[in-house]
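Working notes for the structure below.
The values are calculated or read from the model by the stated rules, or taken from the named source; none is laboratory data. Treat the numbers as computed from the prediction; the structure is a model and nothing was measured. Note that we place each Cβ from the backbone using ideal geometry, even for glycine, and neighbour counts take in every protein chain shown. Remember, those area values only see protein heavy atoms, side chains included, never the ligands or the DNA or RNA. Shrake-Rupley method; radii C 1.70, N 1.55, O 1.52, S 1.80 Å.
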Amino acid sequence: FDPYLAGQSDPFPGGAQPGSLTVQNALIVGQDQPATLRLAGPGVLQTGSVALGDPHDNSGDFSSGLGGGNAFLEVHGASTIFQNNGNTQIGGDGPGELHVHSGASYTTNFTGLAHQPGSEAYVTVSGPNTTYTGSLYYVVGIQGSSFVSVTNGAEMIVDGLSIGEQSGAVGTVNVSGGAQLTTTNYLGIGNGD
């Protein structure tokens, strides 16, 4: 129950308590049609992988030419924890957006943005006590265009950051408003031609 959307004063009507949800394989948003998923805590969501705006076939391959809708994932609110034990893929054949704000936390392994030529990906991490943590590389612009904004006191910590990975890719990273971006291992800018 989400008071941010529904205007309810009690986010857990009837005395329901916060809980957890586990998706053992993939969480897919906007596979073929536009889709929006909003998560508000307190609570925990654990997944095996996340795909926004890109089809995910049975082999686990993020393939081009399979469609893909506009995908929007929002994680917000204090004590809202999104723990992705696999990879986060945003923007394939369709645009993908991820917004983490208002004290929420998002943890993942590899993050890849804008997988196909002409694809678009957007990530916003905003607000005090809001964190985005990646244990492997964060690639901003694999083949398409992507924009990452870390702002308003938020914090992003990644193992490595690559901006503009392949020829023709466009990656933009903006850190402002007292926010902090930390790469613990590697920073590559313009790795493509």
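Taking a Cβ cut-off of under 10 Å around TYR137, the surrounding Lys, Arg, Asp and Glu residues balance to a net charge of -2, with basic ones at +1 and acidic ones at -1. Annotation: amide H of LEU39 within the under-5 Å range of GLU74, VAL75, HIS76, sequence separation 5 or more or interchain, hydrogens built in the peptide plane.
Tell me, what does the Kirkwood hydrodynamic radius of region 63-193 come to in angstroms if you use every pair of distinct C-alpha atoms?
Result for region 63-193 stands at 14.3 Å.
Amide H contacts for MET156 (H built 1.01 Å from N in the peptide plane; partners 5 or more residues away or on another chain; cut-off under 5 Å): TYR132, GLN180, LEU181, THR182.
Coupling constants for region 136-150 follow from the phi torsions by the Karplus curve (6.51 cos²θ - 1.76 cosθ + 1.60, θ = phi - 60°), and in residue order they are 10, 4, 10, 9, 9, x, 7, 10, x, 10, 8, 9, 10, 10, 10 Hz; glycine and proline get x.
Counting heavy atoms of the protein chains only and a 1.4 Å probe, report the per residue accessible area for region 119-164 as a whole number of Å².
Here the per-residue accessible area is 31 Å².
Remark: region 104-121, residue by residue, has Karplus-estimated 3J(HN,Hα) of 7, 10, 10, 10, 8, 8, 4, 10, x, 10, 6, 6, 10, x, x, 7, 9, 9 Hz, where x stands for each Gly or Pro and the curve is 6.51 cos²θ - 1.76 cosθ + 1.60 at θ = phi - 60°. Residues whose amide H comes within less than 5 Å of that of LEU136, counting only those at least five positions distant or on another chain, are PHE110, ASP159 (H built at 1.01 Å from N in the peptide plane). By the scheme Lys and Arg +1, Asp and Glu -1, what is the net charge of all other residues having a beta-carbon under 13 Å from that of VAL123? With Lys, Arg at +1 and Asp, Glu at -1, the net is -3.
Classify region 145-193: rounded, prolate or oblate, from the alpha-carbon gyration tensor (a ≥ b ≥ c, eigenvalue square roots; a/c under 1.5 rounded; otherwise prolate if a/b is larger than b/c)? In terms of gyration-tensor shape, oblate.
Near TYR186: Cβ cut-off under 15 Å, other residues only, Lys/Arg at +1 and Asp/Glu at -1. The net charge is -2.
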